[in-house]
Amino acid sequence: MTDNTRAATASQRPEGRAASALRFATELLAWVATPWALADHSWLLAVGSVVVLIGLPTIFSTPGDKANVIISVPGWATILLVLLQLVAAVVSSWVAWPPGPAVCVTLLAAVTLVTERRRWWWLLSADRLAH
């Protein structure tokens, strides 16, 4: 593997453009599929889901992971927010859409889980906090 993530030390955020792109694509699908799945039950839930899925990661972030941190949280909290997005994308796609697109979303989320591993190890590392 010859990407920039190998060059990152424990104190530097791993650079993974592919991982970031896959994570964003999955988040985008969560933002679309979740309100779509909830709209039949309640439009308030549908709107609330978008506020939660977009708002929480915007407000809460780990220093060093994003340029602008509004409310600082530890790395494990950022990981939980990403997992929330992934689960929302997969579950909502199966509720809202036919099996074909839902399978594609599920595969994308699985690949995203694999590509996020370096960032997650970095978020959990004690060395990240030392520098």
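Tabulated results
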{"item": "Fluctuation leader among Ala96, Ala109, Ala67 - the chain, Gaussian network, Cα springs under 10 angstrom", "result": "Ala67"}
{"item": "Label point distance in nm, Phe24-Val111, each placed 7 Å from Cα along Cα→Cβ", "result": "1.6 nm"}
{"item": "Calculated from backbone phi, Karplus (6.51, -1.76, 1.60) coupling profile of the range 51-65 in Hz, x at Gly/Pro", "result": "4, 5, 5, 8, x, 4, x, 6, 7, 9, 8, 8, x, x, 8"}
{"item": "Residue (of Val69, Leu108, Leu86) at the positive-pole extreme of the chain, dipole from beta-carbon charges", "result": "Val69"}
{"item": "Cα-based shape type of the range 19-83, given that a ≥ b ≥ c are square roots of the gyration tensor eigenvalues and the cut on a/c is 1.5", "result": "prolate"}
{"item": "Choice from Ala21, Ala88, Ala37 showing the highest fluctuation, given a GNM over the chain with Cα pairs closer than 10 Å", "result": "Ala21"}
{"item": "Ratio Rg/Rh, restricted to the chain and using Cα atoms, in which Rh is the Kirkwood radius", "result": "1.02"}
{"item": "Per-residue HN-Hα couplings for the range 95-112 [Karplus 6.51, -1.76, 1.60; θ = phi - 60°; Hz; x = Gly/Pro]", "result": "6, 8, 10, x, x, x, x, 5, 5, 4, 5, 4, 5, 4, 5, 5, 5, 4"}
{"item": "Computed magnitude of the charge dipole of the range 10-131 (debye, nearest 20; Cβ of K, R +1, Cβ of D, E -1)", "result": "300 debye"}
{"item": "Accessible solvent surface per residue of the chain, calculated while the other protein chains remain in place, 1.4 angstrom probe, Å²", "result": "60 Å²"}
{"item": "Amide H within-cut-off set for Lys66, under 5 Å, with H built and near neighbours excluded", "result": "none"}
{"item": "Val103-Glu15 FRET efficiency (beta carbon distance; Förster radius 35 Å; 0.05 resolution)", "result": "0.70"}
{"item": "FRET efficiency estimate (nearest 0.05) - Cβ-Cβ, Val87 to Leu44, R0 25 angstrom", "result": "0.75"}
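The values are calculated or read from the model by the stated rules, or taken from the named source; none is laboratory data. Keep in mind it's a predicted model, so treat the numbers as computed, not measured. Note: ideal-geometry Cβ built from the backbone for every residue, glycine included; neighbour counts use all protein chains shown. The area values use the complete protein model at the heavy-atom level, side chains included, leaving out ligands, DNA and RNA. Shrake-Rupley method; radii C 1.70, N 1.55, O 1.52, S 1.80 Å.
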